[in-house]
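What follows is a short report on a single structure.
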Amino acid sequence: MATLSAYSSPPWQNSNPNSDLLSTQDEIDSQAHPPFESQSNDSLSSIMPPDPDLNPSPNPNPITNYNTSISSPPQSTSTPPPISLLHLSFNQDFGCFAAGTDHGFRIYNCDPLREIFRRDFDGDGNSGGGGIGVVEMLFRCNILAIVGGGADPQYSPNKVMIWDDHQSRCIGELSFRSEVRSVKLRRDRIIVVLEQKIFVYNFADLKLVHQIETIANPKGLCAVSHGAGSLVLVCPGLQKGQVRVEHYAAKRTKFIMAHDSRIACFSLTQDGQLLATASTKGTLVRVFNAADGTLLQEVRRGADRAEIYSLAFSSTAQWLAVSSDKGTVHVFSLKINPGSPGIDRSQSTDEPNLAVTLPASSLSFFKGVLPKYFSSEWSVAQFHLPEGSQYIVAFGHQKNTVVILGLDGR
């Protein structure tokens, strides 16, 4: 059960969800890059309080490394305390990302990499200690959804605070009986994910329009479409390995038994037509037609178990990127479309992979003789990162680029 509180100002004063809060991306001359060149930024320089003597200009080359550190502050006479990252998330078009810290939140532009603005909460007598565990952007709009987090949260972790950056304050809140795991925003909806329930609100007046029960969902897994069409929402079902797809325009619910193990991660294309899923085994990634649940393609990350942190489609659904705790980001080629005939799901289990067209193992001609592992479809590109940190991945706006963010600040 949720409780809505509106503050003294009109709920959406000065705030058209379609308006721009942030400046548009700088125009950068087109440059030729090898396929899938990683936009590798060694660290997020402006996660630390800036040195007033420094005024760096954006580097025109989006591939150049930015060699700075978030682990230690800039040298100055008064050293501010180090900042800890609690949360990272891209906005809906992957042009920006938000960072929640134990002192507030920051908004960054991806290409070129630069901090756009920050809001630091020092904690006064009327509020908490500044920790923000969830920050959800709405494209480049002035409205954000934030949730308190960390050892000393700014707001209760049971509340979603609606932040208007034109006013630099919260203009409303949604309160719940348990901790908020994640929040998703569309121009017409606010989706709040709890451990075993999801609430869907109308954006204009914050009225509850739908609620969904799920299996235990401590990660707050949820994905929504962001195209001009109607809302498609994906969440865990009520069974292990099951995903639920809500098609709001058709008023139809589709359940897909995606894996034998628990769901670890999933991603939806912007138009809501394709769904990629991974299980807690982390060996296979499956791509489904979100409308009818048909299995369209299956790719193999590896043979050993891994925790999948994120999945991301390219804007044209030609590529799929996967990040895991192995410190490697894989990019797979997708040769499918939502109208493609499906793969026979009965031939596959969560361990062996199906023989698909591209790119397969060199032993694929032994199909039917050797285990299906040897005819697996593997990634076409890999990026190797230091192990021990959680990474999320997205495709950049420059052609054949990948943006990777790490909770270690890289």
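Quick notes
- If the condition is being in contact with an Asp or Glu (Cβ under 9 Å, 6 or more places away or on another chain), of a type in the set (A, V, I, L, M) and modelled with pLDDT of 90 or more, then the stretch 152-189 contributes VAL160, MET161, ILE162, VAL183, LEU185.
Okay, residues lined up against (1) loosely packed, with under 14 Cβ neighbours inside 10 Å; (2) closer than 26 Å to PHE313 by Cβ; (3) not basic (Lys, Arg):
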| residue | (1), (2), (3) |
| --- | --- |
| ILE191 | no, yes, yes |
| LEU194 | no, no, yes |
| ALA204 | yes, no, yes |
| LYS207 | yes, no, no |
| ILE212 | no, yes, yes |
| GLY220 | no, yes, yes |
| ALA228 | yes, yes, yes |
| LEU231 | no, yes, yes |
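- Residues (buried (at least 21 other Cβ atoms within 10 Å of the Cβ) and within 25 Å of PRO236 (Cβ to Cβ)) located in the stretch 162-189: LEU174, VAL180, ARG181, SER182, VAL183, LYS184, LEU185
- Residues within the stretch 171-198 that are outside any strand (DSSP E or B), of a type in the set (Asp, Glu) and in contact with a Lys or Arg (Cβ under 7 Å, 6 or more places away or on another chain), tallied: 1
- Identity of the residue in the stretch 204-235, part of a strand (DSSP E or B) and touching a residue at least 40 places away in the same chain (Cβ under 8 Å), that ends up farthest from the chain's Cα centre (by Cα): LEU208
- The number of residues in the stretch 280-324 that are in a strand (DSSP E or B) and polar (S, T, N, Q) comes to 5.
- Candidates TYR155, TYR108: the one that is more than 24 Å from GLY406 (Cα to Cα) and among the aromatic types (Phe, Trp, Tyr) is TYR155.
- Here LEU284, LEU274 are screened, and the one residue that is buried (at least 22 other Cβ atoms within 10 Å of the Cβ), at pLDDT below 90 and either among the small types (Gly, Ala, Ser) or within 24 Å of GLN318 (Cβ to Cβ) (or both) is LEU284.
- The set of residues from the stretch 236-269 being part of a loop (DSSP other than H, G, I, E, B) and either modelled with pLDDT under 90 or of a type in the set (D, E, K, R) (or both) comprises LYS240, ALA249, ALA250, LYS251, ASP260, ARG262.
- Taking each residue of the stretch 329-340 that is more than 18 Å from LEU284 (Cβ to Cβ) and open to solvent by 10 Å² or more (accessible area, probe 1.4 Å) and looking for partners that are small (Gly, Ala, Ser) and at pLDDT 75 or above with beta-carbon atoms closer than 8 Å, six or more apart or interchain, yields ASN337/ALA317; PRO338/ALA290; PRO338/ALA291.
- Which listed residue, of TYR155, TYR201, is hydroxyl-bearing (Ser, Thr, Tyr) and assigned to a strand (DSSP E or B): TYR201
The values are calculated or read from the model by the stated rules, or taken from the named source; none is laboratory data. These numbers were taken from a predicted model, which means no experiment stands behind them. Every residue, glycine as well, gets a Cβ built from its backbone with ideal geometry; the counts of neighbours run over all protein chains shown. Surface areas here come from the heavy atoms of the whole protein model, side chains and all, with no ligands, DNA or RNA. Shrake-Rupley method; radii C 1.70, N 1.55, O 1.52, S 1.80 Å.
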